[in-house]
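To start, the structure under review is shown below, and the notes come after it.
The values are calculated or read from the model by the stated rules, or taken from the named source; none is laboratory data. Note that the coordinates shown come from a computational prediction; the quantities given were computed from them, not determined experimentally. Methodologically, a virtual Cβ is constructed for each residue, glycine included, from the backbone with ideal geometry; neighbour enumeration extends over all protein chains shown. When the accessible area is computed, the model is the full protein with side chains, heavy atoms only, and any ligands, DNA or RNA have been set aside. Shrake-Rupley method; radii C 1.70, N 1.55, O 1.52, S 1.80 Å.
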Amino acid sequence: MRKVVKFGGSSLASAKQFKKVGEIIRADEERKYVIPSAPGKRHMHDTKVTDMLYECYSLAEQDKNFDVELKQIRLRFEEIITGLDLALSLDQEFAEIARRFKDKAGKEYAASRGEYLNSIIMAQYLGFPFVDAAEVVLFDENGRFMADATDKLLGERLAALDAAVIPGFYGAQADGTVKTFSRGGSDITGSIVAKAVHADVYENWTDVSGFLIADPRIIDRPEGIETITYRELRELSYMGATVLHEEAIFPVRKEGIPINIRNTNSPDDKGTWIVESTCQKSRYTITGIAGKRGFCSINIEKDMMNSEVGFGRRVLQVFEENGISFEHMPSGIDTLTVFVHQDEFIDKEQKVVAGLHRLTRPDSIDIESDLALIAVVGRGMRATRGTAGRIFSALAHANVNVKMIDQGSSELNIIIGVSDSDFEAAIKAIYDIFVIAQL
């Protein structure tokens, strides 16, 4: 078997954490390819190295002296090297960084150096070859990731190596310009490497033991999720569950490679398995609950709208013309409601209202603000009768008024709209009826 293992910033923030990672890798000879992140926070009041690099480069952009800031970054890495008793000097690397900063190499180059340096240290510590992501993760001249070309080049490069350390988060264009994925992009690199080497498993090591059924800031010690499908994860990630960068799903999904979310600080925990499909039944009817605040609804009423061809298109045209994306659009015979992000809508609301009147001639338009959307997700809901009824019952018992309910055709999720003020009470009520009641 071949395993690709990615370690997050908190897992590599200090020499102590490095040693934990080393023990994890050496404990399983199948862990062949390692993708490190940049050092994260060592404690609550610490600063991530990536943020330190951004600050340092900002000074360089302004032609200000950045020697002190770069020295602080160097000390972070030297502290790790010393703690691991490595005979390793980063003099050449930091001289090159200083030169490139003065030459205004770009924010993305600056941001990538945390992963680059941490990977050099990791390769030395493990005795693995180092493969610079800038040589094997390709972007085109417009900064778009070249998936197929990367897969071919990376696969050929790693086929000759029994093991390797590849920095996460970045790649490069043909001219050598460094390009980065969005924050958290080391997850994506791990997925790309797993696909390229046809790995059996992609292990993503972080500071939590996988996904939880609900947000621990709302539910005290929520139950963990043992197995979740890609589709379920997509629904929960979209609504705010953020253990894994959601774009990391796509490369491995195409290959049917499972992802295992693990905890560096509790390596014996099984974590969460993310799979394409499974015959394993969920322990509970639902797999997870996630939600977001800060929405508003625009309710449009018009008699006989259902028989008016093109009515829905004209409604959405107004939002498109104003650069506003919609989240949900439940409808009735004579009503149609559009849910949008309040912060995107608030400055354009009167333009939208005027546009709706001009294009749809409604009988009335009503706007409601400060709403929240909650997704109840689970493959087990398909085979369970009365799921929506149980949700309504739980929310009524908690004195939560339901503003909207929308179930997808896949029967994989139910979206509920409630007032912002009822957000936490609603999640607790749903968790209690589906999880606590079954314990």
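Across the stretch 39-151, the mean sequence separation of Cα contacts (distance under 8 Å, 6 or more residues apart), normalised by length, yields a relative contact order of 25 percent. At the residue level, L88 shows approximately 40 square angstrom of accessible surface with a 1.4 angstrom probe and all protein chains present. Here the simple spin-label model places points 7 Å from the Cα toward Cβ, and for M1 and R358 these points are separated by 6.1 nm. Once the Cα-Cα distance is subtracted from the 0.36 nm per residue extended length, the K281 to Q407 segment shows a gain of 43.3 nm. Within the listed set I298, I121, I274, the residue fluctuating most in the Gaussian network model of the chain (springs between alpha-carbon atoms under 10 angstrom) is I298.
By the helix-only formula, in which each DSSP H run with n ≥ 4 contributes -39500 (n - 2.57) and the sum is divided by residues, the chain has a 222 nm mean residue ellipticity of -11500 deg cm²/dmol. Within the listed set G355, G310, G380, the Gaussian network model of the chain (springs between alpha-carbon atoms below 10 Å) gives the highest mean-square fluctuation for G310.
Amide hydrogen proximity for G291: with H placed 1.01 Å from N in the peptide plane, the residues at 5 or more positions away or on another chain lying under 5 Å are A375.
Shown here is the pair-distance distribution of the stretch 346-406: with all Cα-Cα distances grouped in 10 Å bins from zero up to the longest one, the shares run 15, 33, 23, 23, 5 percent. Consider a paramagnetic label point 7 Å from the Cα of F130 along Cα→Cβ; state which residues of the stretch 175-211 have an amide N under 17 Å from it. Output list for this probe position: empty.
Suppose the Debye formula is applied to equal point scatterers at every Cα of the stretch 20-103; what is log10 I(q)/I(0) at q = 0.20, 0.23 Å⁻¹? Rounded to two decimals, the profile gives -1.05, -1.21.
Ranking M44, M329 by solvent-accessible area of protein heavy atoms (1.4 Å probe, all protein chains present), from largest to smallest, gives M44, M329. A Förster distance of 45 Å, applied to the separation of the beta-carbon atoms of R99 and D268, puts the FRET efficiency at 0.50. H341 contributes an accessible area of around 40 Å² to the protein surface, as traced by a 1.4 Å probe with all chains present.
Here the stretch 219-368 is treated with +1 on each Lys and Arg Cβ and -1 on each Asp and Glu Cβ, and its dipole about the Cα centre works out to around 360 debye. Scaling the Cα radius of gyration of the stretch 298-439 by the globular reference 2.2 N^0.38 Å produces a ratio of 1.18. Take the Cα of D200, step 7 Å toward its Cβ, do the same at K107, and the gap between the two points is 4.3 nm.
From the coordinates of this entry, Rg/Rh (Cα atoms, Kirkwood Rh) is computed, and it appears in (1) 0.96; (2) 1.03; (3) 1.00 under the label (2).
Calculate the dipole size of the chain relative to its Cα centre from +1 charges on Lys and Arg beta carbons and -1 charges on Asp and Glu beta carbons; express the result in debye to the nearest 20.
Here the size comes out at about 680 debye.
Once you reduce the stretch 144-222 and the stretch 306-349 to the center of their Cα atoms, the two points are 37 Å from each other.
Taking every protein chain into account, the accessible area of the stretch 190-322 amounts to 46 square angstrom per residue (probe 1.4 Å). Simple rule: put +1 on each Lys or Arg Cβ and -1 on each Asp or Glu Cβ in the stretch 336-386, find the dipole, and look at V376, S364, Q350; the Cα lying farthest toward the positive end is V376.
For the chain, the longest principal axis of the alpha carbon atoms and the long axis of helix 423-434 meet at an angle near 90°. Given the options A133, A290, A159, state which has the largest fluctuation in a GNM of the chain using a 10 Å cut-off (strictly under) for Cα springs. Result for the chain, Cα springs under 10 Å: A159 fluctuates most.
Measuring r between the beta carbons of A174 and A87 and using R0 = 45 Å, the FRET efficiency lands at 0.80.
Using R₀ = 41 Å, calculate the FRET efficiency as 1/(1 + (r/R₀)^6) where r is the Cβ-Cβ separation of K41 and V309; round to 0.05.
Taking R0 as 41 Å, the efficiency between K41 and V309 is 0.15.
Residues within the reach of a label modelled at S182 (point 7 angstrom out along Cα to beta-carbon, backbone nitrogen below 16 Å), restricted to the stretch 225-262, are 234-251. Excluding ligands and nucleic acids, what accessible area in Å² is computed for D207 using a 1.4 Å probe, to the nearest 10? Approximately 80 Å² for this residue. Fully extending the segment from Q350 to E255, taken as 0.36 nm per residue of separation minus the present Cα-Cα distance, adds 29.4 nm. Ranked by solvent-accessible area (1.4 Å probe, protein heavy atoms only, all chains present), the residues H45, H198 order from largest to smallest as H45, H198. Ordered by 1.4 Å accessible area with all protein chains kept, M52, M146, M305, M1 run largest first as M1, M146, M52, M305. Normalised by the number of residues in the stretch 271-386, the mean separation of alpha-carbon contacts (under 8 Å, six or more apart) gives a relative contact order of 46 percent. Only protein atoms count toward the accessible area here, which uses a 1.4 Å probe; on the chain, the carbon and sulfur part of that area reaches 47 percent.
3J(HN,Hα) couplings calculated from phi for the stretch 226-234 with the Karplus curve 6.51 cos²θ - 1.76 cosθ + 1.60 (θ = phi - 60°) are, in sequence order, 6, 9, 9, 7, 4, 5, 5, 4, 4 Hz; Gly and Pro show x.
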